[in-house]
Number of protein chains: 2
Amino acid sequence: MIAGDLERLIQLLARLPGLGPRSARRAVLHLMKKREALMLPLADAMARAADSIAICSNCGNLDTSDPCGICRDPKRDPKLLCVVEEVADLWALERSGAFKGGYHVLGGTLSAIDGRGPDQLNLARLIERVRRGQDATPSGSDDAGTAETARIEEVVLALSATVDGQTTAHYIAERMADSGVRLSRLAHGVPVGGELDYLDDGTLNAAMKARRPA
Amino acid sequence: MIAGDLERLIQLLARLPGLGPRSARRAVLHLMKKREALMLPLADAMARAADSIAICSNCGNLDTSDPCGICRDPKRDPKLLCVVEEVADLWALERSGAFKGGYHVLGGTLSAIDGRGPDQLNLARLIERVRRGQDATPSGSDDAGTAETARIEEVVLALSATVDGQTTAHYIAERMADSGVRLSRLAHGVPVGGELDYLDDGTLNAAMKARRPA
């Protein structure tokens, strides 16, 4: 007895990650109560983003322009490249302000269980970006412009500390073994604000091994 | 560094119940990956529902027509009226197929804490519907058409078994004391498929008190 238009909206919303049929119904009722303030703006924002946002052909980021704002930003360090699994990870690093180089979004990890091999990831383009920098004569000039004309010196593998994430990091490290770039990974340790009591043994072990003078 | 169009979409999605900033970001990335299959249809379904769905002026249900399909359905029993808090409750009862009369959606409960009084609920209209049925001469004919021309004989108060829900049920019962309609409530007891071990004491007590011959 739910009207067809509502039923369809519920079914589509239920396909979002984190929402099931029940929470989709709740969301739709909430939307109906805030038609002007939320429902119409949301429909509009969704249609607009679907139209305006594209995948950066250089790094895999999402932006209104291609190449994306980060790839075009002359203030970012072209010698540093950070490899992440998803755009969400790029956003997290950008929020932290911890990194000022370029990014490369893989679009996932290698996964034996899910049957994702190197061809399903944005890997060929990564190798190409790193190689292209190496083949070019080092310009030495800092005003070279985009990252793509400069030599990449360090690739930070900012992948998840999961089996699949680490497998992917190993694979990339092997593929880049002869490229001459420096490879690095994020440090393991106690999260800032984290209580020891709640940390898993692996994290505590890593933090203890990497302990530093106080 | 998130593009403005994406940022706005994330902010709007995060205002849905059950979604926060983090899950809204995940949802948006999922949408961007399924632009044709999900994002555009969802934007369209949302705009369409916002346009086509209205609140039934008779019962408070949501439908493409006013009065809604249930209020206009001649096959539903006009002598039975079920009072629910929200449209979601109406949907739940319709899914169960347990009720074949008309509905009345209050739009919430009385709440001392949230400061919701009788005027904030769809209560006046409920009293009016019940009274109007009583004042009219009982027609006695079964082909009377919509529920509103017939005498309401029983009002089922299908409200939550919470303090606010029960307060609201009491309030409605008092307001209808002189109307001559029969008032009823949903039975308490062990949920079908429920394990005794996981039930709270209140439910077990209610189920024991209302025990029936096997």
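At-a-glance table
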| item | result |
| --- | --- |
| Selected residue (criterion: most open to solvent (accessible area, probe 1.4 Å)) from residues of the stretch B:14-30 that are assigned to a helix (DSSP H, G or I) and facing chain A (nearest Cβ under 7 Å) | B:R26 |
| Top-ranked residue in the stretch B:80-124 [being loosely packed, with under 15 Cβ neighbours inside 10 Å and charged (D, E, K, R); ranked as farthest from A:A24 (Cα to Cα)] | B:D119 |
| Any hit, the stretch B:147-161, residues being surrounded by 17 or more Cβ atoms within 10 Å (Cβ to Cβ), modelled with pLDDT of 85 or more, among the small types (G, A, S) and out of contact with any strand residue (DSSP E or B) (no Cβ under 8 Å at 6 or more places or on another chain) | no |
| Residues that are within 25 Å of the chain's Cα centre (by Cα) and exposed (fewer than 13 other Cβ atoms within 10 Å of the Cβ), drawn from the stretch A:185-214 | A:A187, A:P191, A:V192, A:G193, A:G194, A:D200, A:G202 |
| Answer residue from the stretch A:31-56, given it is more than 20 Å from B:L6 (Cα to Cα) and facing chain B (nearest Cβ under 7 Å) and is most open to solvent (accessible area, probe 1.4 Å) among those | A:R35 |
| Residues satisfying the stated conditions in the stretch A:57-73, i.e. without any contact (Cβ under 8 Å) to a residue 60 or more places away in the chain, surrounded by 20 or more Cβ atoms within 10 Å (Cβ to Cβ) and polar (S, T, N, Q) | A:N61 |
| Which numbered condition B:I10 fails, given (1) touching a Lys or Arg at 6+ places or on another chain (Cβ under 6 Å); (2) facing chain A (nearest Cβ under 7 Å) | (2) |
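The values are calculated or read from the model by the stated rules, or taken from the named source; none is laboratory data. What you see is a predicted model; the values in this text were computed from it and never measured. Heads up, the Cβs are rebuilt from the backbone with ideal geometry, glycines too, and the neighbour counts pull from every protein chain shown. Ligands, DNA and RNA are excluded from the accessible area calculation, which covers all protein heavy atoms including side chains. Shrake-Rupley method; radii C 1.70, N 1.55, O 1.52, S 1.80 Å.
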